[in-house]
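Accompanying notes for the structure given below.
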Amino acid sequence: MTRTVKVTALFTVLAAGTVLVCLVSAGMGQYDIDLGDVAGSVLHRLGLGSPLADPFAESTLWQVRFPRVVLGLLVGGVLGVAGALMQGVFGNPLAEPAVVGVSSGAAVGASLSIVSGATFLGSFSTPALGFAGGLVTTMGVYALARSRGRSEVVTLILTGVAVNAVASAVIAFTLFAGDQAAREQIVFWQLGSLASARWPYVVTLLPLAVAGVVVALVLSRRLDLLALGERQARHLGVNVEALRLTAIVAVALMVSAAVSYSGIIGFVGLIVPHGIRMLVGPGHRVLIPASLLAGALLLSAADLAARTLFDYADLPIGILTAIVGGPFFFWLLLRTRRRSGGWA
Amino acid sequence: MTVFTRRTPRPVPKTAASAELSDVSFAVSGKSLLRKVSFEVRSGEVLALVGPNGAGKSTALAVLAGDLTPDSGEARIAGEAVPRWSTVDLARLRAVLPQQNAVSFPFTVGDVVRMGRAPWAGTDAEAGDDEVVARALAATGMTEFAGRRLTTLSGGEQARAALSRVLAQDTGVLLLDEPTAALDLRHTEDVLRIASARAGDGNAVLVVLHDLGLAAAHADRVVVLDRGEVVATGPPGEVLTESLLTEVYRHPIEVFAHPRTGKPVVLPHRPAEES
C-alpha cells in the first residue's frame with residue numbers, strides 16, 4: 001500500500017467512525033432513540049426533512065445528548081492534538097500535556113474555586129479558574145525551565161515533575177479543607193467526566209480549540225525539522241525558541257480550556273499520536289490532523305462506554321481512559337521497541 | 001513573531017561562498033576554549049581543521065555556524081557578520097553537519113533528506129527539490145535506503161543519511177564536523193571526494209578531521225588547532241611536518257611522502273619489532 005492510499009484510508013476510517021459513534025452515542029441512554037431519528041433530527045435542524053414526532057426525544061437530543069457528544073469531540077480532539085504537539089516540541093514520544101503541568105494546574109484552580117465557593121462567573125467560575133490555573137502553571141514551568149533564552153528538555157520535564165508535586169499537595173489541601181460536598185466535587189473533577197456538558201461550555205471551548213489546532217497545523221513542518229535536533233533545526237532556518245513558545249502557549253490554551261470543562265482525562269494525548277505514528281509515520285502534517293480525528297473518536301467512544309456500561313450510573317471517563325489506556329500504552333511501547341529497537 | 005513570517009527569498013551570493021573567523025575568543029565558565037582564532041575558508045577549497053581532542057575544533061565550527069556567540073572577535077559568512085543574517089538566510093548560505101545526528105522519531109531516510117530543502121520552501125529553488133534530494137541520496141549511496149526508517153539503519157548508514165540531508169540544503173558553505181567518524185574506508189573516501197567535488201563547484205568546504213593522512217590527501221589547506229589557538233595554516237605539504245605534529249599531539253609522529261602520490265602520509269611513530 002502506498003503512503004497516500006494509507007493516509008486516505010486512515011482519514012476515511014477515522015471520519016466515518018467518528019460520525020457513527022456520535023450518532024450511536026446520541027441515540028443511546030436511559031431514553032433510547034432510533035439511529036434514524038437521530039439522523040433525521042440533525043437533518044431537520046440543517047433545514048432538511050421534517051421534525052421528530054416525539055418532542056421529548058427532540059429535547060433530550062438537543063439539550064442533553066448533543067452538547068455532551070460535541071464536548072466529547074472537542075475535548076478528545078484537543079487532547080490528541082496537544083499530545084502530538086508536546087511530543088514534537090520535546091522530541092520525546094512520552095511527553096504529554098500533563099507532563100508540563102497543564103492538567104494539575106487546572107485542577108488546582110478548579111479545586112480552589114470549588115472549595116472557596118467562588119461564584120463570580122456563575123457556573124463558569126470553576127472552568128474559568130481551572131483555565132487560569134493551567135495557563136499560569138504552564139507558563140511558570142516554561143519560565144523556570146529556561147536559562148539564557150534556551151530550554152533544555154530534561155530541565156523542563158523535571159520542572160514539570162516538581163510543579164506537579166506542588167499542585168497535588170495543594171489539591172490534597174483543598175480536599176482536607178473542603179466540606180463533604182466540595183470534596184465529592186473535587187474528586188469527581190479529578191476523575192474526569194463529560195456529564196456536565198452544556199451548550200455554553202461548548203461555545204466557549206470551540207474558538208480556543210480551533211485556534212490551538214490551527215496553530216498546531218501551521219507549526220507542523222517546523223516540528224518535523226525539530227525532530228532532527230534543536231541545533232539542526234536552527235541550521236535549517238527554524239527559530240527554535242519562538243517555535244517552542246508558540247507551541248507551549250497553544251497547548252496550555254487548548255488543554256486548560258478542555259480539561260476545565262471535562263476534568264482530568266489522561267492517556268488520550270499519549271496514546272492517540274502514538275497509534276497514528278505507528279500507522280502512517282511521524283510526519284506532523286499528517287500526524288496532527290489525524291490525532292485530532294482519532295482523539296475525538298477515542299473520547300466519544302469512551303464516553304459512550306462510560307454512560308452505558310452501568311445502568312443508571314455515569315462512570316467517570318478518566319477511570320475508563322486510564323484503565324484501558326495504561327495497559328494499551330505499555331503494550332504499544334513493548335511492541336514498538338521490539339520492532340524498531342527504540343521508542344517510536 | 002518570526003515563526004509566522006513568510007520566508008522572503010533573498011538572492012544568495014553563491015560567488016561569495018566563504019566563511020571566516022577573525023580574532024575569535026570564546027570561554028565557558030572561565031575556561032578559554034578559543035583564543036584569537038582566525039582562519040578563512042574560501043570558495044573553491046576544502047579546508048581541513050585538525051588538532052588533538054579538546055583543541056577547540058568543534059567549538060570553532062559552532063561559532064562559525066552561529067550556534068555560539070564569541071566573547072570577542074567575529075564570525076562571518078559570505079562576508080557578512082553571522083548575527084546580521086536572519087536564521088533563514090543563514091540556512092540558505094551554510095549547511096552544518098554536527099557530530100550527533102539522532103532523530104527523535106522514526107522518519108524515513110527520504111523524509112530526513114527532504115528536510116534539508118526546508119530553507120528553500122516558498123522560493124524558486126523549491127521546484128528543484130526532487131532532483132536535489134535524488135542527487136544528495138545518490139552522492140552518499142543512500143538511494144536504495146530512501147524508504148527505510150532511520151531507526152533500522154546502522155550507525156554508518158545514519159551518518160550518511162545525515163550527510164545527504166546537509167548536501168540537499170545546497171548551500172555555498174559546508175561545515176562538516178567529523179563526517180567520517182562512523183564510516184568505513186570506502187565511504188570515508190567517498191565523503192571527501194564529495195567535499196572536493198562541492199569545492200570544485202565553487203563551494204567553500206570546512207571539514208573537521210581526526211585522520212591527518214585523510215586531511216593531507218584531500219584538503220587544499222589545513223588549519224592546525226592546539227589548545228584553542230591556531231598553530232599553523234597552509235597547504236598540507238607545508239603544515240603537516242613531523243616537528244609540528246609531534247609537538248601538538250605530544251606524541252612522536254612520522255611524516256613521509258607517499259611513494260606514488262607524493263602526498264604526506266602521517267603515522268604515529270611505532271618502534272620496530274626486534275627480531
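Read-outs: derived from the displayed coordinates by stated rules, not from any lab. Everything numeric in this text was worked out from a predicted model, so none of it was measured. Note that we place each Cβ from the backbone using ideal geometry, even for glycine, and neighbour counts take in every protein chain shown.
Here are the numbers for the structure shown:
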quantity: Rg/Rg_ref, the stretch B:41-173, where Rg_ref = 2.2 N^0.38 Å and atoms are Cα; calculated: 1.12
quantity: Cα coordinate range in the stretch A:51-103, projected on the principal axes (Å, largest first); calculated: 54, 18, 11
quantity: Relative contact order, percent, chain A [alpha-carbon distance under 8 Å, six or more residues apart]; calculated: 28
quantity: Euclidean distance of C-alpha centroids, the stretch B:23-50 and the stretch B:207-275, integer Å; calculated: 19
quantity: Alpha carbon centroid spacing (whole Å) that separates the stretch A:232-247 from the stretch A:24-69; calculated: 47
quantity: Gain in span if fully extended, A:Ile319 to A:Arg3, counting 0.36 nm per residue against the direct Cα distance; calculated: 110.2 nm
quantity: Estimated D of the stretch A:61-138 in µm² per second, where Rh is the Kirkwood radius over Cα pairs and Stokes-Einstein applies at 10 °C, 1.306 mPa s; calculated: 114
quantity: Per-residue mean of C-beta atoms belonging to partner chains within 10 Å, peptide B:109-122; calculated: 3
quantity: Efficiency of FRET from Cβ geometry, A:Val249 and B:Leu153, R₀ 25 Å, rounded to 0.05; calculated: 0.10
quantity: Using θ = phi - 60° and Karplus 6.51 cos²θ - 1.76 cosθ + 1.60, couplings along the stretch B:63-79 (whole Hz; Gly, Pro as x); calculated: 5, 5, 6, x, 6, 10, 9, x, 5, 8, x, 8, 9, 10, 10, 6, x
quantity: Check: the stretch A:3-340 dipole with +1 on Lys, Arg Cβ and -1 on Asp, Glu Cβ, in debye; calculated: 1580
quantity: For the stretch A:1-126: rounded, prolate or oblate by the Cα gyration tensor [a/c cutoff 1.5]; calculated: oblate
quantity: Hydrodynamic radius by Kirkwood, which averages 1/r over all alpha carbon pairs of the stretch A:194-234, in angstrom; calculated: 12.5
quantity: Cβ-based exposure ranking for B:Thr108, A:Thr126, B:Thr143, in which fewest neighbours within 10 Å come first; calculated: B:Thr143, B:Thr108, A:Thr126
quantity: Förster-model FRET efficiency, 45 Å R0, B:Ala27 and A:Ala177, C-beta, rounded to 0.05; calculated: 0.30
quantity: Farthest positive-ward along chain B dipole, Cα basis, beta-carbon charges - from B:Ala78, B:Leu90, B:Gly228; calculated: B:Leu90
quantity: Residue order, fewest to most surrounding Cβ atoms within 10 angstrom, among B:Phe105, B:Phe26, A:Phe330; calculated: A:Phe330, B:Phe26, B:Phe105
quantity: Cα-derived Rg to Rh of the stretch A:3-340, Kirkwood definition; calculated: 0.98
quantity: Proxy reagent accessibility, fewest Cβ within 10 Å first, across A:Leu223, A:Leu135; calculated: A:Leu135, A:Leu223
quantity: Inter-probe distance in nm under a simple model that places probes 7 Å from Cα toward Cβ, at B:Glu242 and A:Val24; calculated: 8.4
quantity: Modelled FRET efficiency - R0 60 Å, A:Asp34 with B:Arg227, Cβ distances, 0.05 increments; calculated: 0.10
quantity: Mean Kyte hydropathy of 1.0 or more with a Cα span along the axis of at least 20 Å, helices from DSSP in chain A; calculated: A:3-27, A:66-90, A:102-116, A:125-144, A:153-177, A:199-226, A:240-262, A:284-308
quantity: Contact order relative to length of chain B, as percent, for alpha carbon pairs under 8 angstrom and 6 or more apart; calculated: 25
quantity: For the protein assembly as shown, diffusion coefficient by Stokes-Einstein and Kirkwood Rh (Cα), 20 °C, 1.002 mPa s, µm²/s; calculated: 79
quantity: Local electrostatic count, B:Pro252, Cβ distance below 12 Å [Lys/Arg +1, Asp/Glu -1]; calculated: -1
quantity: Positive-pole candidate from A:Thr8, A:Pro327, B:Gln100, dipole of the protein assembly as shown, charges at beta carbon; calculated: A:Thr8
